[in-house]
Amino acid sequence: MFKGGFISNLPKIYGLYTGGFIVFILLMAILESAGVSAANIGIMFVAFTVAIYALIGYLSRTIQVDAYYVAGRQVPTVFNGMATAADWMSGASFVAMAGGIYFGGYTYMAFLVGWTGGYVLVSTLLAPYLRKFGCYTVPDFIGTRYGGNLPRFCATLVLVLASFTYVTAQINATGTIASRALQIPFELGVWVGLISILLCSMLGGMRAVTWTQVAQYIVLIIAYLIPIFWMGSKLGNPFPHFMLGDEVQRLADLEASAGLIKNSAADMKAAGVPGGLKYISTPHSAVPAGGMAVWSYLSLAICMMVGTASLPHILMRYFTTPSVKSARKSVAWSLFFIFLLYFSAPMLATLSKLQLMDPNLPTAIIGKSISEVQSIAWVQNWSAVKQVFIADFNGDGILQLNEWFMRGDVVVLATPEVAGLPYVISGLVAAGGMAAAMSTADGLVLAISNCLSHDIYYKIIDPKADVRKRLIVARVLLVVIGAAGAYIASMRLTSILGAVAWAFDFAMSGLFFPLVLGVWWKRANQAGAVAGILGGLIAGTAYLIYVGPKFMANTPWLGIDHLRFGIIGASVSAVAMVVVSLMTKEPNAATQKLVDDVRVPSGRAILGKQH
Amino acid sequence: MSNKESHWVKTKNHMFVTLAIWFFFSIVIFMFGESVNNASFLGYPLAYYMSAQGSLAAFVVLIFWFANKQEKIDDEHGYGGEREDD
C-alpha cells in the first residue's frame, strides 16, 4: 500500500488518519445514543487522541543530530505549515480567544491582526535567511553571525525567558483540560499533561514534534470548526463566516435596547462575583472613539506582530524545510492554516452572544426571569464550578445584561451545550483544546532544551562532545524543563508569571532587532548585538516591573501597559544596537561575506549539515 | 552591477513593497477605524470586518504573492535551485 519513502506517502498517511478520526467521532456519537455517559465519552476522546500522538512520537524516534534538531530538514512545505499552525495556536488561542472577543469586542481583535500580521514580517525579513544560514537554533544564528560566546549566551537568555513564560501557561492549560476530561484533580492533571507532552517529543526531538503537531492540527481544526458550522446551520447560516452581517447589526441593536451598563467594583464585591468572571459592557462591533483608543489598538497589534517575528519556537520551524524557497512558501501555508481558526473565532463569539441575547431564540437567557434561567441544565453545571454567576443587582428578578457573569473560556467550552448540540461535540472540543495546548507546549519545551543543549552545552561548555552525549543531554534537559514548567503550573504560580502577551514582549525586546539587522545591516557587529539584546531586555523588564499590576503598578506612560512593554524594550534595543555598532569597528571581511552568502537563496547552507 | 547586487536590490525593493501593503492593512486602516466603521461590507461594519477577517485574509494573500514573486526574482538571477542543502 505504501510505496516509496515516508515523506512521499505523507498525504496518504494523514488522509487515513483524518478519516480514522472522523470514524472515531461517529463511533462516539453512536455510543452516546446507545447510552454511554458523557463523562466516559470525554475520557475516551482525550485518551484516544493522546495515545495516537504518543504512538507517532515513538515511531519518530531518532539517534541522528539533524533529525533531532531540525527533523532532518525534509519536512514538506504544506505539512510544515500545519505543524507551525499547531505550534502557534496555543490553548489560549483555542479556548480563550473567542471569549476575549466576546467580552472585549473590536479592541480585543487587535490580537487577531497582530497574531496574523506578524507572519508577513517572518516571511519577508527572517525565515528564508535563517533557513539559508542552516542553524539548529535561533541563538545559533546570533552566535555565528556576530561571533563569540557572549551574543550566543545573551540570545539564549532571552529565548529561555520568553519561552518559559509561555510554556507554564500551556502546561497549565493541558492540566486544566486533562483534569476536567479525565475527572482527576488539577495537580495530577498537570503531570498527566506533562507526560503526554514528553511522550511526543523525547525520543524523536524535532522530528517527532513535527509529525505529532501535524496530527494535532488536524484534530484541533476539526474540533473548532464543526461546532461553528453546526450552530450556524441551526440558525439558518450554513456558512456563518460570510453570512453574519445582519446578526452583527442585530447585536448592536440589542445592546442599544438593553443598555451597556458598567457595574461598580463595590456592587460586584457585595454580590460575591467570583474572580475572573466577566460581563458584557463593551459594544460588539463599534470602534471606541478617540486617539488614545486608536493607539491602544495599534500598540497591541504592533507588539504581537513584532513579537511573532521574534519567537524562537516559531522561527525554528522554518529550519526544517528542504530549501529556502520552501521555507518562504511554508510561512504562507502556516498563515493560511492559522487563518482558518482565527477568522472563525469572531463568528463563534457572535453566534454564542446572539444565542444568549436574542429574545427570539429559544436559547436566550437575557431578559428572562432569574429563577427560570437558574433551572437550565447548562447554567447549573457551569455555576457549580463557578464559571458562570448571576447577581440580581436591581432586585427585579429579571436577568439584565450586566447581571450575567461568565468566564471567557466558557464561550468555547459551553457553546455546544448552550446550543443543544450532543455531548460528543463537547468531547471533541476537549480533545481539540488538549491538542492545541500540547502542541504549543511541545514546541516550546523543545525550543528551550535544544537551545540549552546545543548553544550552552555543546557550543560553550563541551565542544568535543560526541553525538550520543549531545542527544542524551538534550533529552535530559527536555525532561528537566518540562518538569520545572509542570511544577510551577501545579503550584498555580502561573498567574504570577503573567500573560501570554509577556512572552511576545520579551522576545521582541531582546531578539527582533539583533535578528533582523543581522541579515539586513552588514555594519551590525558583536558589540552592537550584545548592547541590543541586553539593552532591550533590561529596559523592557524594568518597565514591566514599573507598570506591572502585580509589581509596582505605576501609571503606564502613554498607555503602554504591562501587555505592551515590548514597545519600550524594542525601541531601546534598536537605538542601543545602532549606536553601539556605529561607535565600534565594522565586522571583519569574513562576517561581511557571510551576510552576502545568506542573502543568496540558493547554494549550500552556511553552517554544515551537522554542526 | 553584478548579478548578485542586482538580485539583492530587487529583493530589497520587493520586501519594501510587501511591507508597505502590510502596513496599510495592519496599521493605516485601524488608524481611521472610527470613520472606516461607518462603511459596510457584506453587512458587517467595515473596521469590525477588517479586524475580524479582512486584514487576516489580506495577509494570507500577501504572503503567497510575496513568495511567488520572490521565486521569480530568484529564477531570473539563476538562484532558483530546488534542493540546495545536501
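Every read-out reported here was derived from the displayed coordinates using simple, explicitly stated rules and does not represent laboratory data. In this text, all values refer to a predicted model and were calculated from it rather than measured experimentally. Using ideal geometry, Cβ is built from the backbone for each residue, glycine included, and neighbour counts are taken over all protein chains shown.
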- [ ] Report, by chain and number, residues whose modeled amide H sits under 5 Å from the one on residue A:398, excluding near sequence neighbours (fewer than 5 apart, same chain).
- [x] A:370
Task: ³J(HN,Hα) computed for each position of region B:64-80 - Karplus, 6.51 cos²θ - 1.76 cosθ + 1.60, integer Hz, glycine/proline x - done: 4, 4, 4, 5, 5, 5, 5, 4, 4, 4, 4, 4, 4, 9, x, 10, x
TODO: Take A:354, A:157 and order them by how many other Cβ atoms sit within 10 Å, fewest up front.
DONE: A:157, A:354
- [ ] Sum -39500 (n - 2.57) across every DSSP H segment of at least 4 residues in the protein assembly as shown, then divide by the residue count to get the 222 nm mean residue ellipticity, nearest 500.
- [x] -21500 deg cm²/dmol
- [ ] Quick one: which residues, 5+ away or cross-chain, put their amide H under 5 Å from the amide H of residue A:278? H built at 1.01 Å from N.
- [x] A:406, A:407, A:408
TODO: Pull out a ≥ b ≥ c, the square roots of the eigenvalues of the alpha-carbon gyration tensor of region A:87-221, then state rounded if a/c is under 1.5, prolate if not and a/b is larger than b/c, and oblate in the remaining case.
DONE: oblate
TODO: Work from the charge dipole of the protein assembly as shown (Cβ charges, +1 for Lys and Arg, -1 for Asp and Glu, about the Cα centre) and give the residue of A:330, A:206, A:231 farthest towards its positive end.
DONE: A:206
Open item on the list: In chain A, if the dipole is taken from +1 on Lys/Arg beta carbons and -1 on Asp/Glu beta carbons about the Cα centre, which of A:589, A:258, A:341 is farthest to the positive end?
Closed with: A:589
Task: Taking A:442, A:392, A:253 and counting other C-beta atoms within 10 Å, the order from fewest to most - done: A:253, A:392, A:442
- [ ] Just rank A:321, A:176, fewest to most, by other beta-carbon atoms within 10 angstrom.
- [x] A:176, A:321
Task: Lys, Arg +1 and Asp, Glu -1 on Cβ, resulting dipole of region B:3-76 about Cα centre, debye, nearest 20 - done: 60 debye
- [ ] Counting other Cβ atoms within 10 Å, keep those with at most 16, restrict to DSSP loop, and tell me which trypsin sites (Lys or Arg not before Pro) in region A:547-611 are left.
- [x] A:550, A:585, A:604, A:609
TODO: Provide the three semi-axes, in whole Å and in decreasing order, of the ellipsoid equivalent to region B:3-76 as defined by the square roots of 5 times the Cα gyration tensor eigenvalues.
DONE: 33, 12, 6
Open item on the list: Just to confirm my numbers, what's the Cα centroid distance between region A:62-134 and region A:375-429 in Å?
Closed with: 32 Å
Open item on the list: Just to be sure I understand: with springs between alpha-carbon atoms less than 10 Å apart, which residue in B:58, B:67, B:47 has the highest mean-square fluctuation in the Gaussian network model of chain B?
Closed with: B:67
Task: Violating pairs (Cα-Cα greater than 27 angstrom) within the set A:269/A:368; A:325/A:469; A:459/A:593; A:329/A:459; A:329/A:469; A:469/A:522 - done: A:325/A:469; A:329/A:459; A:329/A:469; A:469/A:522
- [ ] Give the residue from A:542, A:527, A:565 lying farthest towards the positive end of the charge dipole for region A:460-584; charges sit on Cβ (+1 for Lys and Arg, -1 for Asp and Glu) and the dipole is referred to the Cα centre.
- [x] A:527
Task: Rotationally averaged projected area of chain A (alpha carbon convex hull; nm²) - done: 27.9 nm²
Task: Restricting region A:349-439 to trypsin sites (Lys or Arg not before Pro) in coil, as DSSP defines it, with at most 15 other Cβ within 10 Å - done: A:368, A:386
- [ ] Extending each Cα 7 Å along its Cβ direction at residue B:20 and residue A:376, get the distance between those two points in nm, one decimal.
- [x] 5.2 nm
Task: Per-selection Kirkwood Rh - region A:234-384 (Cα, Å, 1 d.p.) - done: 19.7 Å
TODO: Loop only per DSSP, at most 16 neighbouring Cβ atoms within 10 Å: give me the GluC sites (Glu not before Pro) in region B:14-86, ordered by residue number.
DONE: B:82
Task: Cα-centred dipole magnitude for the protein assembly as shown, charges only on beta-carbon of K, R (+1) and D, E (-1), debye, nearest 20 - done: 1980 debye
Task: Cβ neighbours within 10 Å from other chains - mean over A:599-606 - done: 6
Task: √(5λ) per eigenvalue of the Cα gyration tensor, region A:1-101, largest first, Å - done: 30, 20, 14
Open item on the list: Using the crude model of +1 on Lys and Arg Cβ and -1 on Asp and Glu Cβ, and no other charge, please compute the dipole size for region A:542-599 relative to its Cα centre, in debye to 20.
Closed with: 100 debye
Open item on the list: Through the Karplus equation 6.51 cos²θ - 1.76 cosθ + 1.60, θ set to phi - 60°, convert the phi angles of region B:28-42 into ³J(HN,Hα) values in whole Hz; use x for Gly and Pro.
Closed with: 4, 4, 7, 5, 10, x, 4, 7, 4, 5, 6, 7, 9, 9, 6
- [ ] Please sort through the DSSP H helices of chain A and keep those with an alpha-carbon extent of at least 24 Å along the long axis and a Kyte-Doolittle average not below 0.0.
- [x] A:10-33, A:38-59, A:149-182, A:205-234, A:291-308, A:324-342, A:423-451, A:467-490, A:526-547, A:566-583
Open item on the list: Ignoring chymotrypsin sites (Phe, Trp or Tyr not before Pro) that are buried or in helix or strand per DSSP, and keeping those with at most 12 other beta carbon atoms within 10 Å, what is the longest stretch of chain A between them?
Closed with: A:7-550
